[in-house]
Each structure stands twice: as C-alpha cells, then as structure tokens.
1. Residue separation times 0.36 nm, minus the C-alpha to C-alpha distance between residue 299 and residue 468: what's the value?
2. If you count, for each residue, the other Cβ atoms within 10 Å and average over each peptide, how do 307-318, 504-515 line up from highest to lowest?
3. Suppose R0 equals 56 Å. What FRET efficiency, 1/(1 + (r/R0)^6) with r the Cβ-Cβ distance, do residue 553 and residue 317 give to the nearest 0.05?
4. Based on the Cβ-Cβ distance of residue 75 and residue 121, what FRET efficiency does E = 1/(1 + (r/R0)^6) give at R0 = 51 Å, to the nearest 0.05?
5. Is the shape of the stretch 457-623 rounded, prolate or oblate, going by the alpha carbon gyration tensor and its root eigenvalues a ≥ b ≥ c, with a/c under 1.5 for rounded and a/b larger than b/c for prolate?
6. Determine the distance separating the Cα centre of the stretch 87-156 from the Cα centre of the stretch 220-281; give it in Å without decimals.
C-alpha cells in the first residue's frame with residue numbers, strides 16, 4: 001500500500017508539472033503576440049516568424065526533457081524485468097540438467113547400457129557454464145537480496161557436486177561390476193535426498209526471482225503510464241501552441257498573399273501587365289515588386305513560348321517518326337525487309353536530301369548498295385565529311401557497331417540546294433545511329449538463325465532444319481505432284497576409325513565427307529547431318545533415277561578421298577547410301593525417311609560402299625533371289 005501511494009503521488013506531481021508548463025507557455029505566447037501586433041508591418045518577416053516560434057521551442061525543449069526522463073525510467077524498469085526473466089530461465093536450465101543427470105544414471109543402473117549415460121555426461125559438462133552464467137547475471141543485476149541469491153546458488157552447486165561424487169560416480173562404478181552392487185547404493189536413498197535438497201534450493205531461488213519479476217513488471221507498467229500521460233500532455237500543449245502561432249503567422253501573411261493570389265488568377269486567365277500594391281512586411285513588399293516586374297515580362301515570354309512550342313511540336317513529330325522506324329526495324333526479320341522499311345522512311349526523316357545506303361556483307365570485301373532515295377550519291381563520297389564537321393553538302397557516314405563495319409550512309413542536300421544546318425546534322429546523326437543499330441540487329445538475327453539450323457562441326461543443316469524442310473517438301477510434292485527423293489548415307493566402319501585414330505581423326509573424316517556432300521548437293525537441296533556419322537540429302541524435284549545418280553556420284557567421290565589427320569593417313573573411307581522417293585506408301589515424311597533408312601540398312605548388309613534404292617529392294621523382293629535385304633536393324637558402322 002505504501003508503494004502504491006508513493007506511485008500515485010509521483011504521478012500527480014508529473015501531471016501538475018505538465019499543466020503548469022503549458023499554462024506558462026500560453027501566457028508567454030500571448031505577451032509575444034501583443035508585441036508583434038504593433039510592429040508586424042515594420043519588422044522583417046524572418047524576425048516575425050522566428051519570434052512566433054520561440055514559445056513553441058521552449059515548450060518543446062521542456063517536454064523533451066521530461067519525456068526523456070520518463071523514457072529512461074521505463075527502459076530501466078523493462079531492462080531489470082528482462083534480467084530477472086533471464087535468471088529464471090537459467091535456474092530452470094539448472095534444474096533440467098540436474099534431472100538429466102539423475103535420469104541418465106538411473107537408466108544406466110537399470111539397463112546397464114552406457115547409452116543411457118549420454119544425458120548425464122552432457123548435463124555434467126553444461127553445469128559449470130550454467131553456474132558461471134547465473135552468477136554473472138546476479139552480479140550485473142545487484143538487486144535487493146543479492147547475497148541470499150548468491151548463497152543459494154553456491155548451495156545448489158555444492159549439493160550437485162556432492163551428488164556426483166557421493167552417489168552418481170559410485171553407482172556408475174558399481175553398476176559396471178554388477179546390478180546388485182548398484183542397487184545397494186540406490187537403496188540407501190542418499191542420492192534422492194541430495195536431489196530433493198537441490199530442488200528445494202532452486203524452488204526457493206525461483207520463488208524469490210518470481211516475486212522480484214512481478215515487482216519490476218509493475219514498476220515498468222507504472223513508468224509506461226507516466227510516459228503516456230506525459231506524451232498526451234506535451235502533445236496537447238504543443239498542438240495548442242502550434243495552432244496559435246500558425247494563426248498569428250497567417251494573419252501577418254494573409255492580406256498581401258490574397259492580393260498576389262488574385263493577380264496570379266487574372267494572369268492565368270490570360271491577362272497581362274497586372275500589378276499589386278506593395279505592403280506588409282519587408283519581404284512581402286519585395287515580393288509584390290518582383291511580381292509586378294514579372295508581369296511586365298510575361299507577355300514577351302509568352303510570345304517566345306508560343307514560338308518554341310511550334311518548334312517543339314515539329315521536333316516531337318520527327319521523334320515519333322523515328323520511333324515508328326525503330327519499331328518497324330525491330331519487327332523486320334531479314335535484311336531485305338529492313339531495306340524496304342528504310343527506303344520508305346529515310347526520305348521522310350531527311351527531307352530535301354538524296355542518298356544511298358551501302359551494306360558490307362561479311363563474306364565480301366567491299367560494300368554493296370542496299371537502297372537509294374532521290375539519286376545515287378555514292379560516287380560523291382570523296383567530297384563528304386563526317387556529320388557535324390564542315391559545311392559540305394555531301395556527307396559519308398560509316399556505320400560501325402562494336403568495331404565491325406556494317407556499311408556506309410551517303411547523303412547530300414542536292415535536292416534542297418544548301419549546306420547542312422545544325423538541325424540537319426543532328427537529325428543525320430540520329431538517323432545514322434538508328435540505321436547502325438538496325439543493321440547490327442538484323443545481322444545478329446541472321447547469325448542466330450544460322451546457328452540454330454547449322455551443325456557446328458560440319459556446317460551442314462541440323463536435324464531441326466532437315467525436319468522442317470522435309471515436311472515442307474512433302475507438302476509441296478503432294479500439292480504440286482512433283483517428285484521428291486531422299487538419300488540417307490552413313491560412313492562405313494566409323495566406330496573402328498574412331499577407336500583406331502581417335503575422335504579428332506573421326507571429326508576430320510566427318511568434316512571431309514560433309515564438304516563432299518555440300519559440294520555435290522544440287523541447287524535447292526538440303527544437305528544435313530542429323531547426328532553422329534549419319535547424313536541426309538533431301539532432293540526436291542528429283543525422281544528416283546536422278547537421286548540414284550547423285551548417290552552414286554557421292555559414293556565415288558567419298559571413296560576417292562585421301563584422308564589424313566596430324567600428318568597420319570587415315571586409310572580409305574567409304575559410305576553406304578539408301579535412296580527413297582515419293583512413290584512410297586503412304587507418302588509422308590516419316591515413311592519417306594524410314595524407307596531411306598531401310599535401303600541404307602540393306603546397303604550395309606550387302607557389303608557397304610554401295611547404293612541401294614527402293615527400286616532395288618522391290619526388284620529383289622519380286623524375283624525372290626538372294627538373302628533378305630535387312631536383318632533386323634543392324635548397327636551402322
């Protein structure tokens with residue numbers, strides 16, 4: 001009851017202090033405003049506003065000091081409560097470790113299995129740290145009853161030490177000899193008495209800490225209550241002072257600002273040369289004079305703005321056209337498509353000019369014309385200059401991206417009959433950059449396309465491109481009634497070559513055979529390497545007889561090759577070839593390829609280094625002579 005009464009008295013004193021400080025600040029503000037009412041028209045605005053804030057600042061500092069004191073008390077009480085909780089947790093940990101030790105020894109005595117001693121050993125190792133931690137916590141707290149707490153901790157440690165030396169260790173040693181010896185020690189109940197004493201000591205310590213925790217939590221709640229009241233009181237006082245100073249400051253500023261606002265509305269409505277009277281504090285009079293000068297200059301500025309708006313609209317329209325060109329070039333999928341887009345856009349983006357765009361293909365030594373508008377001016381390139389340099393009518397701009405020359409842009413002003421203006425040079429620079437980016441993007445797309453459909457080792461088309469061309473060729477043959485043939489070929493004994501000379505030699509053989517296939521492939525055909533040592537030649541427009549001739553030429557050309565690798569002869573290399581045409585049934589891509597593979601298997605089976613077609617297979621099947629053409633599906637070697 002005494003503690004509660006002291007808290008209430010302290011609480012009442014804090015409330016009274018906040019009320020007195022608020023009243024004092026209000027009275028000081030009233031005296032200050034009375035003085036300002038006589039001098040607000042002659043004082044600088046900065047001084048007026050500064051003096052209006054003085055009471056608020058004083059109140060703010062006083063409130064801050066009180067709140068800081070209340071906050072410190074709250075933090076201290078909360079910290080003490082937290083320390084007490086930590087001490088309780090450490091005590092509980094001590095008790096748990098004692099129970100773990102007792103349980104471990106009991107289990108070992110009963111079962112005789114050393115596994116039950118694991119909790120005992122772990123708890124015994126942890127106990128010294130627990131006692132050190134608890135003593136450190138009690139020492140940092142130094143609460144009332146500190147000596148009793150330390151003495152209680154010492155007793156707990158002594159009891160646990162006695163239990164270990166007098167009970168636990170003898171029981172463990174006895175149990176190693178026999179269960180009966182350990183049972184005699186247990187039956188003495190000495191260990192139970194010691195552990196009961198430990199529990200009692202820990203219970204006393206916990207009860208003392210629990211009582212202390214309740215007291216500290218109550219103290220923390222009290223300080224929080226004081227802090228909350230102080231916050232409310234200080235906030236209310238500060239809010240009141242803020243309202244008073246705001247209204248006073250508004251009274252000083254409102255009349256001149258009303259005049260300025262009305263004049264600004266008239267100017268925004270389209271009027272010009274509007275003036276306002278210069279009155280009020282010094283800064284507001286200066287503001288009125290500046291406003292009047294600004295009003296006089298506004299008419300001229302509006303005229304200049306109208307002219308600039310027209311020029312800006314023209315520039316924006318040109319940028320829109322550039323954006324459309326960029327979008328169109330991004331959508332282009334080939335160089336020819338991009339050339340058509342540029343041919344339409346460049347005359348509009350560079351009006352009054354003529355020019356030629358030259359493209360530098362990677363496989364050629366010099367640039368070639370890609371498009372021309374107006375007249376071809378590439379013959380005038382010797383007279384040109386880089387954009388922005390000099391005043392020549394003809395400009396030659398190299399198109400370079402990441403160190404690679406993509407082409408040249410030749411432009412002159414022959415149609416407009418004058419030199420380049422600053423705006424014209426700026427536009428030409430922008431167009432040049434856009435054309436360079438577009439050509440680089442189209443070239444990159446072309447390289448990506450080739451990489452996606454080409455075999456990286458041989459340069460032939462890969463399986464993906466072969467399947468696309470095969471389905472397209474089958475559809476064309478079905479719709480147009482045109483012949484279509486496929487040659488499937490395979491290097492003979494390729495595995496033996498790899499095993500004998502190594503994979504690098506095998507790759508060299510693949511490259512040589514691929515080069516032969518590419519050289520002998522007719523125009524419009526698709527030479528491909530689906531994988532490994534297998535090759536395919538798709539022959540649109542070729543009937544079976546023509547395809548057999550191509551296959552025989554391929555076989556002979558490969559047989560005539562002299563292959564070497566790293567200065568070592570690889571020996572003769574031959575291929576087996578299977579030929580199928582559009583007469584297969586049913587006529588589709590899968591059947592055509594499987595029939596060609598069937599013929600290839602037959603060529604392998606008949607001794608390799610030969611051509612077998614579906615015509616040969618049908619003839620063999622009709623006369624019934626010879627052995628079967630295909631025995632299962634032999635491995636291609």
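1. The span from residue 299 to residue 468 would gain 53.8 nm if fully extended.
2. 504-515, 307-318
3. According to the calculation, E is roughly 0.35.
4. 0.75
5. Prolate shape, in that a/c is at least 1.5 and a/b is the bigger ratio.
6. Result: 66 Å between the Cα centres.
Readers should treat all values here as calculations from the given coordinates under stated rules, not as data from a laboratory. Keep in mind that what you see is a predicted model, and the values were worked out from it rather than measured. Please note: Cβ atoms are built from the backbone with ideal geometry, for glycine as well, and neighbour counts cover all protein chains shown.
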